Amino acid sequence: MKPEPLPPGAGTPRERILAVDDTPETLEIIRRNLEAEGYRVFTAPGVSEAVAVLDANPVDLVITDLKMPRVGGLDLVRHVRENLKDTQVMMITGFATVEGAVQAVKSGAEEYLPKPFTDQELSAAVGRAIGKLRLRRAGRLPAGTVASARHGLVGESEAVRRVLDAAAKAASASANVLVTGESGTGKELLARAIHYGSRRAAAAFVPVNCGGIPEGLLESELFGHLRGAFTGATESRAGFFQTAEGGTIFLDEVGEMSLAMQVKLLRVLQDHEVCMVGSDRPRKVDVRVVAATNKDLLGLVRKGQFREDLFYRLNVISISIPALRERRGDIPLLLGTFAEKFAREMGRPAPRFSERAVASLVGYDWPGNVRELENIIQRLMVMNDAEVIDVPDLPALMRFSALRGGRSDQRTLAEVESEHIANVLAAVSGNKTRAAAVLGIDRKTLREKLKGMQHPAGE
């Protein structure tokens, strides 16, 4: 089947994509969304038709359903792997299971997307697959390398593989999960990977920033309220737990909850029921809880600032995401991934990074982790339209990181500490509260260290 002409206003034709699904509606959604992004799209209702298209046309990416009449998607994946070495494969399915994902990846699928998916999730998954293909063709990713990119979690390091293995095991269970890690490491991405790899994938994933909701409103937001329950409650409204029925609720920054709110959350976890504000009748809920924090919850338990019983209810399965500085080998892959992402958004080719620039970025400590790296790449591409990004294009902190290796062993501990504090402050635009959180100290300690930096001993 020939791809239809691009609609007016669409981007320049780029990679060719073959979508294979026995549901016409799904094919139409995929075709419409991807053509709007400038891709050339073929469609096929089954594996035999797909093979005919592949025999007659060069295709960069095959998107195939798993369950189809007669011949299934795994057979098509194997056909592509055995006959088309330079074609990416993405599996989509309405029967999302961990076993299915593992089987698809083992067969050669680089991406695994559960139905129903949003337009944004489809675009992101296709972008990751095409990005890896471009990197491989450009010689920056060895042939045969499959990057670990589950719902945005990109990396090939052993640390990332351990996290993804733990997430796959967590997805196969129904227990609550506690995700820990510094700000910007991707805790919500991991929570999404667990949800979409579980039996709950067809239901809602509801993220809640516990630290971003005022204490007086948090109970109502989580559990809902009845009309007239408080001033301004002009109508009854369901809470996040009811919205997540049958699915997963992600409680980010759970360590920010007050002790009073912790008691109410504990009751929900124990009894699997919520009581709306203004009601005395509890309602059963079937919701899995994935909580996340960048704080030492066990330390807060010892200080009496977090309930021990709630900690153990949340910490049935524990997954710790490493900081970016602990997996520096993933930074070149992340550079390519983010460059491809923003290049698509800006409608321009992705720039290359010089070896010196990559070395400088790898040498930086990244106090803001992957989020900081993504922001830096976006800034570089907005402010610079060169084909190659070199060291002079980088922010000052990254440029200087290229020079540290030659003198790092000659510095005192105080000098290293002062430099790290200065780097963290610069990364968070001088915000001392955020800097203290990243450094793992309180504001008072940070102020004392800054005074010491301004008035070194001996002066």
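Rule-based calculations on the coordinates, nothing more; no lab input. These figures come from a predicted structure and were not determined experimentally. We place every Cβ from the backbone using ideal geometry, glycine too, and count neighbours over all the protein chains shown.
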How far apart, in nm, are two points set 7 Å out from the Cα along the Cα-to-Cβ line at Glu387 and at Ala359? 2.3
Computed lengthening from Ala175 to Tyr312, 0.36 nm per intervening residue step minus Cα-Cα distance: 48.2 nm
Based on other C-beta atoms within 10 Å, arrange Ile321, Ile29, Ile376, Ile194 from fewest to most. Ile29, Ile376, Ile321, Ile194
Counting other beta carbons within 10 Å of each residue's own, what order do His420, His225, His79, His195 fall into, fewest first? His420, His79, His225, His195
The FRET efficiency for Ala396 and Leu226, from their Cβ-Cβ distance with R0 = 60 Å and rounded to 0.05, is 0.60
Pop a pseudo-label 7 angstrom from the Cα along the beta-carbon direction at both His420 and Glu25 and give the gap in nm to one decimal. 5.5
Run the numbers for Ala233 and Glu49: contour at 0.36 nm per residue of separation, minus the present Cα-Cα distance, in nm. 60.6 nm
Exposure-ranked with fewest Cβ neighbours within 10 Å first, Glu158, Glu273 stand as Glu158, Glu273
Of all the Cα-Cα pairs you can form in segment 277-396, what percent are over 25 Å apart? 48
Computed E for Ser320/Leu259 - FRET, C-beta separation, R0 30 angstrom, nearest 0.05: 0.75
Once the Cβ-Cβ distance between Lys451 and Glu82 is put in as r, and R0 is 51 Å, what FRET efficiency do you end up with, to the nearest 0.05? 0.15
